[in-house]
1. Taking Glu18 and the conditions (1) loosely packed, with under 12 Cβ neighbours inside 10 Å; (2) in contact with a Leu (Cβ under 8 Å, 6 or more places away or on another chain), which numbered condition does it fall short on, given that it satisfies the others?
2. How do the pairs read when you match residues in the range 63-77 that are in a loop (DSSP other than H, G, I, E, B) with residues anywhere that are surrounded by fewer than 10 Cβ atoms within 10 Å (Cβ to Cβ) and modelled with pLDDT of 60 or more, using Cβ under 8 Å and keeping only pairs 6 or more apart or on different chains?
3. When the range 41-50 is examined, which residues are found to be free of Cβ contacts under 8 Å to residues at least 40 places away in the same chain, within 15 Å of Met1 (Cα to Cα) and not charged (D, E, K, R)?
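The values are calculated or read from the model by the stated rules, or taken from the named source; none is laboratory data. Since the structure is predicted, the reported quantities are computational estimates derived from the model, not experimental observations. Heads up, the Cβs are rebuilt from the backbone with ideal geometry, glycines too, and the neighbour counts pull from every protein chain shown.
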Amino acid sequence: MIWPEFIDSAGAMLPEGEIPMSGFADMFVINADRREYHLSRMSIGTKGYFMEGPHIVAECETVAIIGLSINPRRGAS
């Protein structure tokens, strides 16, 4: 699962529940064990969908990849 945090034009996170009709979002891979899977499939220009169950609710396109190859568990005790 990938979770969006919608942001405004300055990069500030929008309040919870505020979903714009178009714009940008920071996306987070919820399960760290799936980072390698997503890294192998993700590139600039990759197009996808936001889903609610079996329903497509939005279209998206990757415009930047930041930190996907970083394992948040590495170095944790």
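1. Among (1) loosely packed, with under 12 Cβ neighbours inside 10 Å; (2) in contact with a Leu (Cβ under 8 Å, 6 or more places away or on another chain), Glu18 violates only (2).
2. Val63/Ile44; Ala64/Ile44; Ile65/Ser43; Ile65/Ile44
3. Hits for the range 41-50 are Met42, Gly48, Tyr49.
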